[in-house]
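> Can you read through this structure? Questions will come right after.
The values are calculated or read from the model by the stated rules, or taken from the named source; none is laboratory data. A quick note: this is a predicted structure, and the numbers were derived from the prediction, not measured. No Cβ is skipped: glycine too gets one built from the backbone with ideal geometry, and neighbour counts run over all protein chains shown. Surface accessibility is based on the protein's heavy atoms, side chains included, excluding ligands, DNA and RNA. Shrake-Rupley method; radii C 1.70, N 1.55, O 1.52, S 1.80 Å.
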Amino acid sequence: MLRSAVRIAKPASAVLRQRAPVASRAATRHFSRSAVASSDVRPASLDVFTEEEQMLRESVRRFAEDVVGPKVREMDEKEMMDPEIIKALFEQGLMGIEISADHGGSESSFTSAIIAIEELARVDPSVSVMCDVHNTLVNTVIRTHGTQEQKDKWLPLLAQSSLGSFCLSEPASGSDAFALQTRAKKDGDHWILNGTKMWITNSYEADIFLIFANVDPSKGYKGITCFLATKDMGIKIAKKEQKLGIRASSTCSLAFDDLRIPAENIIGGEGKGYKIAIEILNEGRIGIAAQMLGLAQGAFDKAVPYTFQRSQFGKPVGTFQGMAFQQAQAAVELEAARLLTYNAARRKEEGRDFVREAAIAKYYASQVAQKVSGAAIEWAGGVGFTRETGIEKYWRDSKIGAIYEGTSNIQLQTIAKFIQKQYS
């Protein structure tokens, strides 16, 4: 029922073209009284969205509240994603947001993907990160680095039915991603992979896996290559982690024992995996910023109304200055995180440099998520500490934001390098 609203979203180029007319009319600079030429375009604010993007936000919000919401607590306590939720995400067109219509996708913008991730996280960050990894990592790698034959074969599956997983991290390669030990050896028209992966999101339910392995260790990171494999090739789930938060999102260790992958399944060419990983993780960080933003907003939206329903000393607790100021501060930080996140998204969409902006957005949004979700528990008092309200879940889910897709220290290191480059 919501798919039509998702489908009409236009590509990034169309989105940007639609934004311009809002500010292109003639205006007057009052300080100088000089007229602006009619061809001049005044930049829009960062919270300006196209009609299609607004419709997408509304449809995803309804879907999250009506379809995902009733299952959040059960999935969290069972530590298992409901297969019906995965199916529904595909039916709504939310698993192929940037994939072309020719390949069965929604053919929408990167910002639209960020909107969907944020809105899903308002209700359940576990569902949000599943959608995020599938769209911003797996789909994007194949869209941007796959051959035409690979796109024609795999994108329709990823848009309509098959969940994807991105397999980079290993026991000895976390932040130092290029220290990976998984090896690939050529065997005729196949490659044989041996090794292990850890902390792999979506891996328990996924059908399609992007696996990074080194085909020539003598070349160091320049031997790293990206392979596409399917579960039925013999990928083994070695361990499903039990986590503090985002429990419904599967995080597993994988084992590859002589895993045979056709040579035609190399994505981007031999030795190009490190470039793919660097590029895609920068983009993925905007997705995590959106997840943390949505999480923080969800906690805020659940806790604040309660503070005006509960009265102490003859007045709602939310009207006491101490709590009112805390909520005002949280609102400021939420707005700042939102602007940072969508600034990074728009820059990426416009083809501009966005690495610094993505790092800032991811770092700050993860901080805000922890702070706001923690405060939300306190605003609701004892009720907030119980699992019944779901407020405490937001805090548990928030901790991962400072860890995956680049720890907070890695983000600070990235930001610091830009400062050093500019001033040294």
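> Magnitude of the Cβ-charge dipole of the chain, K/R +1 and D/E -1, about the Cα centre, nearest 20 debye?
Dipole of the chain, to the nearest 20 debye: 1100 debye.
> Something else: How much length is gained on full extension from L339 to Q242, taking 0.36 nm per residue of separation minus their Cα-Cα distance?
Using 0.36 nm per residue and subtracting the Cα-Cα distance, I get 31.6 nm.
> To continue, here is another question. How big, on average over all directions, is the shadow cast by the Cα convex hull of the range 275-423, in nm²?
Averaging across all directions leaves 10.1 nm² for the Cα convex hull.
> Could you give the length gained by full extension between A88 and K272, i.e. 0.36 nm per residue of separation minus their alpha carbon distance, to one decimal place?
Length gained between A88 and K272: 62.8 nm.
> Take the Cα pairs of the chain, get the Kirkwood Rh, then feed it into Stokes-Einstein at 10 °C and 1.306 mPa s and tell me D in µm²/s.
71
> Next up: May I ask you to evaluate 6.51 cos²θ - 1.76 cosθ + 1.60, the Karplus curve with θ = phi - 60°, for each residue of the range 188-205 and list the ³J(HN,Hα) values in order in whole Hz, giving x for glycine and proline?
Rounded to whole hertz, the list is x, 9, 10, 10, 10, 9, 9, x, 9, 10, 10, 6, 8, 6, 6, 5, 5, 9.
> Can I ask one more? Work out which helices of the chain, taken as complete DSSP H runs, extend at least 15 Å along their axis over the Cα atoms and score a mean Kyte-Doolittle of -0.5 or more, then list them.
110-123, 273-309, 321-349, 355-379, 408-423
> On to the next question. What's the FRET efficiency of V383 with T147 using the Cβ-Cβ distance as r and R₀ = 41 Å, to the nearest 0.05?
After rounding, the FRET efficiency stands at 0.15.
> With a 1.4 Å probe and every protein chain left in place, tell me how much accessible area R347 has, in Å² to the nearest 10.
The accessible area comes out at roughly 50 Å².
> Sticking with this structure for a sec: Run the simple label-point estimate for E51 and S311 please: 7 Å along Cα→C-beta, distance reported in nm.
It works out to 4.6 nm between the two label points.
> Same structure again: Could you give me the radius of gyration and the Dmax of the range 51-163, taking only the C-alpha atoms into account and expressing both in angstrom?
13.7, 42
> Order I208, I415 by their accessible area, 1.4 angstrom probe, all chains in place, largest first.
Most to least solvent-accessible, the answer reads I415, I208.
> Which of A330, I267, S100 sits closest to the plus end of the dipole of the chain, meaning its Cα is farthest towards the positive end, when Lys and Arg get +1 and Asp and Glu get -1 on the C-beta?
It is A330, whose Cα lies furthest towards the positive end.
> Collect residues whose amide H, placed 1.01 Å from N in the peptide plane, falls under 5 Å from the amide H of S165; neighbours closer than 5 in sequence don't count.
HN-HN under 5 Å from S165: I208, F209, L210.
> So, taking all protein chains as they sit and a 1.4 Å probe, how much accessible area belongs to W154, in Å² rounded to tens?
The accessible area comes out at roughly 20 Å².
> So, with a 1.4 angstrom probe, what is the percent of accessible area on the chain that is carbon and sulfur?
Its accessible area is 53 percent carbon and sulfur atoms.
> Net charge near E79: determine it from the other residues with C-beta under 15 Å of the C-beta of E79, scoring Lys and Arg +1 and Asp and Glu -1.
The answer is +2.
> Moving to a separate point now. What is the calculated FRET efficiency for A172 to E279, with r their C-beta to C-beta distance and R₀ = 30 Å, to the nearest 0.05?
The computed FRET efficiency comes out at 0.85.
> For S203, enumerate residues with amide H under 5 Å from its amide H, sequence gap 5+ or separate chain, H modeled in the peptide plane.
Long-range HN contacts for S203: C252.
> Tell me, Kirkwood radius of the range 166-272 from alpha-carbon pair distances, in Å?
13.9
> Tell me the mean residue ellipticity at 222 nm calculated for the chain from its helices only (DSSP H runs of n ≥ 4, each -39500 (n - 2.57), averaged over every residue, nearest 500).
Value at 222 nm, helices only: -15000 deg cm²/dmol.
> Sorted by accessible area with a 1.4 angstrom probe, largest first, how do K185, K197 fall?
K185, K197
> I've got another one for you. Reachable lysines from K222, Cα under 17 Å, same-chain residues fewer than 8 places away excluded?
Qualifying lysines at Cα under 17 Å: K185, K186, K272, K275.
> What percent antiparallel are the DSSP beta bridges of the chain, to the nearest 5?
85
> Check the straight Cα-Cα distances from K71 and name the lysines below 20 Å, setting aside those fewer than 8 residues away within the same chain.
Here the lysines satisfying the reach criterion relative to K71 are K87, K243, K302, K393.
> Sticking with this one: With each pseudo-label sitting 7 Å past Cα toward Cβ, what's the I419-E74 distance in nm, one decimal?
Using points 7 Å along Cα→Cβ, the separation is 4.9 nm.
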